[in-house]
Amino acid sequence: MIKYTYRALVPKQSTHLQVLSFCAPASEIMDFARIDRIGRQKDGSLTGFQRPQVAAHINEIRTYLATDEAVLPNSVVVAFTSGVTITNNKDGMATVTIDVDESNKGFVVDGQQRLTALSSIPDKNFEVLVSMIVCSSEEELRKQFILINNTRPLPKPLIYELLPSVTGLPHRLSSRSKSAGLVERLNYDEDSSLHGQIAQHTNPKGTLKDTALQKLIMNSLNAGVLREMSRSENAEVEQFIIISEFFAAVQSVFSEAWVEKNPRTSRLVHSVGIIAMGFVLEHIYSATGAKDRNSFTTQLTLLADKCAWTEGYWEFGVDNKRPWNGLQFIPRDYLELSQHLIRQLKRL
């Protein structure tokens, strides 16, 4: 087993987590740490947390770092859950020993693109600043990844997809976590009518925006049927079933606007349509108590010839005629669309 030993600074920070800082050649960092890219196992469970590589960005970094005047003042953040021995000194310093083993490698929390770029320049002896965090568990490690990267320009959908696997987050993230968890189940549970149809970092071939479905769910959790179901002992199951059953009915009634369509060719699978249909779900449930696909289908069928999902115009009222693809994912448009659909249901 290979061991690396470094003399490290020990800043006075958290009493819960051990934080250290030291320098190491990029080649050694790649030995003792891995870039764990986000993905899904066959059962749909989440693995990893890092976004996919961005080739153009890596090439730009590599081109710069290959020059003689290149500097890299930003540190790489690496988190460990095991394999690290720390001997503290009395001068604010410590000796860090890392046992390099496949079973206990560290994880790159921040700086994956920089490290990937450096690893493709094998003849460059380049030392990198390393900030090390020692975590008690993988959940704590993911939590640190979210909190460290949430203030940086990482894709929000990546952060949201990780949320259900972590607890103890700030309220604004924990509230999003509930909706993200339900979207995850809708996407990966084989009993879901939306199975495999939601675009996420782990399912880039999906059509429906995960953030749109999360917004639909958060609206309902705030003041709708999902909030009502939250009082049940089987709340999560009931919430999953009603969303799945509703969209099963949507796909049946509006199959021509759903099957093999994308947001450019159908406003039903566009975020503006998804959010509007969320309000329709709330209205149908409130008016009829519908919870299963057959009941939803009966109501949605009334709208079959009142929609312009893929062609024609939306007749919103006198002097308010909108092209089918003129609706965008902005509050004015999805509220106007939802109000139009609900008016039609009430009239019919």
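Using the Cβ atoms and a cut-off under 14 Å, what net charge is assigned to the surroundings of Gly92, where Lys and Arg are +1 and Asp and Glu are -1?
Local charge sum for Gly92: +2.
List the aspartates and glutamates whose alpha-carbon lies under 15 Å from that of Lys321, not counting same-chain residues fewer than 8 positions away?
Glu311, Asp333, Glu336
Once amide H atoms are built 1.01 Å from N in the peptide plane, which residues 5 or more positions from Ala33, or in another chain, come under 5 Å H to H?
Residues meeting the amide H criterion: Gly106.
Starting at the first residue of region 176-186, write each ³J(HN,Hα) from the Karplus equation 6.51 cos²θ - 1.76 cosθ + 1.60 with θ = phi - 60°, in whole Hz, x for Gly and Pro.
So the Karplus estimates, Gly and Pro as x, are 5, 4, 4, 5, 5, x, 5, 4, 4, 5, 4 Hz.
Net charge near Glu311, counting Lys/Arg +1 and Asp/Glu -1 over other residues with Cβ under 11 Å of its Cβ?
With Lys, Arg at +1 and Asp, Glu at -1, the net is 0.
Is the shape of region 167-312 rounded, prolate or oblate, going by the alpha carbon gyration tensor and its root eigenvalues a ≥ b ≥ c, with a/c under 1.5 for rounded and a/b larger than b/c for prolate? Before the final figure, lay out each step's value.
Working: a/c = 1.80, a/b = 1.24, b/c = 1.45.
Verdict is oblate for region 167-312.
What is the local net charge at Ser14, summed over the other residues whose Cβ is closer than 15 Å to its Cβ (Lys, Arg +1; Asp, Glu -1)?
My count for the surroundings of Ser14 gives +1.
How much length, in nm to one decimal, is gained on full extension between Ser103 and Ser21, taken as 0.36 nm per residue of separation minus their Cα-Cα distance? Show your work: numbers first, answer last.
Working: separation 82, 0.36 × 82 = 29.52 nm, distance 2.30 nm.
Length gained, Ser103 through Ser21: 27.2 nm.
Which lysines have a Cα less than 23 Å from the Cα of Lys90, not counting those fewer than 8 places away in the same chain?
The reachable lysines, counting only those whose Cα sits under 23 Å from Lys90, are Lys12.
Bear in mind that the values in this text are calculations on the coordinates, not laboratory data. All values derive from a computational prediction rather than experimental measurement. Neighbour counts run over all protein chains shown; Cβ positions are idealised from the backbone, glycine included.
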